[in-house]
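Just so you know, all these numbers are worked out from the coordinates, no wet-lab data involved. Given the structure is predicted, the values throughout are model-derived calculations rather than measurements. Cβ placement follows ideal geometry from the backbone for every residue including glycine, while neighbour counts extend to all protein chains displayed.
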Amino acid sequence: MHPTADQVLPGTAPSDYENYLKTDALLALQPGPETWTHRDELLFTVVHQSAELWLKLAVAEVEQAITQLDRGKRLAATRSLDRVIECIDIITPPLHMLERMTPWDYQHVRTALGHGSGFDSPGFLRLRTSLPNLVAAVRRQLESDGLTLRDLYLAVEQNEEMFAIVERLVEIDEGLMKWRALHTKVIERTIGGTVEGTQGTPVEIVRNLRDKSIMDELWTVRAELTELADQTLR
Ligand code: HEM
């Protein structure tokens, strides 16, 4: 193939699209028939590698949100947090693709994975490290406004921007819980719920992580409001 006349970027690929996006390198990253143990390694790799890319974007947006929050730029932080929410939402439905493998075919794929385990996913590890920093940045903003979460939820009209930020944390938290709930079902459907993973972790441990929260008060504040309503409204 020859470069087209309208190609303006440097590179050896036949189009600017391919040069800019490095599609040659990207599409060479999945096992092909010459190396795979089972053809479903392609399905398995595409789902995992694409999740890693979306998680990379999620972490970059969490870091940007922290920077913006510390500058007091709350609306800008909100825009980044919307992207984090989208990233987590995007990686959840593709988990169903893994259910399109038969359990026995996956056992063949699994032989190629060595001790590879989702616990070592760089995307999830970085997200798990960055989210507590995001929660700390949100807490600093609440403190600078002299607000507890309870105060905030009782006076949303006076604190719309802060409320928007905190509700985004709830969405991120809920999004991760939904991802983990589906991931657990995928595991149970594929390898069963009573076995161990590639690193010897019982599936039970993954099941117990499902509702782990980045900030427990996001949820307990709801119960506090119900108690308050019981005392004052009913
Ligand atoms: C056939 C599909 C899948 C199976 C059977 C599976 C199985 C498992 C198992 C058994 C564990 C427990 C740790 C271990 O021993 O490996 C685990 C953990 C984990 N897996 Fe998967 N997994 C699948 C797909 C995915 C996908 C697509 C991702 C996305 C990157 C992922 C990310 C993780 C993460 C982050 C953990 C750590 C536990 C957590 O944070 O909830 N897994 N997986």
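Scan (1) over 22 Å from the mean Cα position of the chain (by Cα); (2) touching a residue at least 60 places away in the same chain (Cβ under 8 Å); (3) under 30 Å from ALA229 (Cα atoms) for the single condition LEU147 breaks and write down its number.
The failed condition is (2).
Which condition breaks for ASN19 when tested against (1) more than 16 Å from the ligand (Cβ to nearest atom); (2) under 23 Å from VAL138 (Cβ atoms); (3) in a helix (DSSP H, G or I); (4) not hydroxyl-bearing (Ser, Thr, Tyr)?
Checking ASN19 against (1) more than 16 Å from the ligand (Cβ to nearest atom); (2) under 23 Å from VAL138 (Cβ atoms); (3) in a helix (DSSP H, G or I); (4) not hydroxyl-bearing (Ser, Thr, Tyr), the one that fails is (2).
Which members of region 98-141 meet the condition of being among the small types (Gly, Ala, Ser) and within 13 Å of the ligand (Cβ to nearest atom)?
Correct list: ALA112, GLY114, GLY116, SER117, GLY118, SER121, GLY123.
Looking only at region 155-170, filter to residues that are in a helix (DSSP H, G or I) and crowded, with 18+ Cβ neighbours inside 10 Å; which one of those is nearest to the ligand (Cβ to nearest atom)?
Restricting to residues being in a helix (DSSP H, G or I) and crowded, with 18+ Cβ neighbours inside 10 Å, the top hit is LEU169.
Could you please give the count of residues in region 219-234 that are over 16 Å from LEU154 (Cβ atoms) and surrounded by 12 or more Cβ atoms within 10 Å (Cβ to Cβ)? Please lay out each step first, then the result.
Going through region 219-234, the residues over 16 Å from LEU154 (Cβ atoms) turn out to be 219, 234.
With surrounded by 12 or more Cβ atoms within 10 Å (Cβ to Cβ) added as a condition, the list becomes 219.
Number satisfying all stated conditions: 1.
Does region 198-218 contain at least one residue that is exposed (fewer than 15 other Cβ atoms within 10 Å of the Cβ), away from the ligand (no atom under 12 Å from the Cβ) and closer than 30 Å to LEU142 by Cβ?
yes
Among the residues of region 24-44, what is the count of those that are touching a helix residue (DSSP H, G or I) at 6+ places or on another chain (Cβ under 7 Å) and β-branched (Val, Ile, Thr)?
Residues that pass the stated criteria total 1.
Filter region 98-133 for residues that are surrounded by 14 or more Cβ atoms within 10 Å (Cβ to Cβ) and small (Gly, Ala, Ser); which is farthest from LEU169 (Cα to Cα)?
Among those residues, the one meeting the criterion is ALA112.
Starting from region 199-223, take each residue that is touching a residue at least 12 places away in the same chain (Cβ under 8 Å) and farther than 25 Å from ASP120 by Cα and list its partners that are within 8 Å of the ligand (Cβ to nearest atom) and of a type outside the set (Asp, Glu), counting only C-beta distances under 9 angstrom and pairs at least six apart or across chains.
none
Select, from LEU152, LEU131, LEU142, the only residue that is closer than 19 Å to GLU61 by Cβ, in a helix (DSSP H, G or I) and not acidic (Asp, Glu).
None of the others qualify; the one that does is LEU131.
So for region 171-186 (the condition being away from the ligand (no atom under 16 Å from the Cβ), of a type in the set (Ser, Thr, Tyr), assigned to a helix (DSSP H, G or I) and surrounded by 14 or more Cβ atoms within 10 Å (Cβ to Cβ)), does at least one residue qualify?
Taking every residue of region 171-186 in turn, none turns out to be away from the ligand (no atom under 16 Å from the Cβ), of a type in the set (Ser, Thr, Tyr), assigned to a helix (DSSP H, G or I) and surrounded by 14 or more Cβ atoms within 10 Å (Cβ to Cβ).
Can you give me the number of residues within region 55-97 that are surrounded by fewer than 17 Cβ atoms within 10 Å (Cβ to Cβ), within 11 Å of the ligand (Cβ to nearest atom) and under 18 Å from SER130 (Cα atoms)?
Counting residues in region 55-97 that are surrounded by fewer than 17 Cβ atoms within 10 Å (Cβ to Cβ), within 11 Å of the ligand (Cβ to nearest atom) and under 18 Å from SER130 (Cα atoms) gives 0.
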